[in-house]
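Input: a single structure, listed below in structure tokens.
The values are calculated or read from the model by the stated rules, or taken from the named source; none is laboratory data. The structure displayed is predicted, hence computed values, not measured ones. Backbone-built Cβ (ideal geometry, glycine too); neighbour counts: all protein chains shown.
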Amino acid sequence: MNIVKHSKGSNLQRVQKKPFPSWINMYQRTIPAIILGSLLGTYLDLYFVGKGLYEFPTRPLSHIFSINLAFTLIALPLFTMVFLLICSKLKLLKKISLILLLSLFMAVAERAAEGLGLFAHHYSWKHQYSFIGYTAYLTVIYLFFHWSRFRI
């Protein structure tokens, strides 16, 4: 195997290496956090549906699965990806504000989903639980993303 090196006396310009596009690198770095988020969302749904705290009356493949796979395998990963891409550009205080705002939005969206018949909570459920749960979920996902980007 021959390795060709640039000669010191050569008048030819060196060919600069093209950097790997940063947007591709960014998407690759989000993949482990997206997978974790999808798995965590799936297992939390399985747990809470199993405990009877909520259910998904309208869902794909309802005769096989007790949870809404469209949400945990499509909507949640897309939501997580957009969240991480936005978060990666923000300073700490704005990240915290974004997490709290998105958690509030998701708690309100759950109520709207109940009105549409897509989601049903047990009568003892308080929507503050959803706010706290989404705050913890987004914090864990972001911390994992932040930790893993230094490991990849």
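Yes/no matrix, rows are residues, columns are (1) in contact (Cβ under 8 Å) with a residue 60 or more places away in the chain; (2) among the polar types (S, T, N, Q); (3) surrounded by fewer than 16 Cβ atoms within 10 Å (Cβ to Cβ):
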{"site": "PRO77", "(1), (2), (3)": "no, no, no"}
{"site": "ILE86", "(1), (2), (3)": "no, no, yes"}
{"site": "ILE96", "(1), (2), (3)": "no, no, yes"}
{"site": "PHE105", "(1), (2), (3)": "no, no, yes"}
{"site": "VAL108", "(1), (2), (3)": "no, no, yes"}
{"site": "HIS121", "(1), (2), (3)": "yes, no, no"}
| Members of region 113-152 found to be closer than 21 Å to PRO77 by Cβ, out of contact with any Gly (no Cβ under 8 Å at 6 or more places or on another chain), part of a helix (DSSP H, G or I) and aliphatic (A, V, I, L, M), listed by number | ALA113, ALA136, LEU138, VAL140, LEU143
| query | Among ILE35, ILE67, which is the only one that is closer than 23 Å to VAL140 by Cβ, surrounded by 12 or more Cβ atoms within 10 Å (Cβ to Cβ) and modelled with pLDDT under 85? | reply | ILE67
| Residue that is farthest from ARG149 (Cα to Cα), among those in region 66-117 that are within 15 Å of the chain's Cα centre (by Cα) and small (Gly, Ala, Ser) | ALA70
| field | Options ALA109, ALA136, ALA113, ALA120: the member that is closer than 27 Å to GLY50 by Cβ and touching a strand residue (DSSP E or B) at 6+ places or on another chain (Cβ under 6 Å) | value | ALA120
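Only residues that are assigned to a loop (DSSP other than H, G, I, E, B) and among the hydrophobic types (A, V, I, L, M, F, W, C): list them for region 40-55, please.
So in region 40-55, the residues assigned to a loop (DSSP other than H, G, I, E, B) come out as 51-53.
Result: LEU53, single match.
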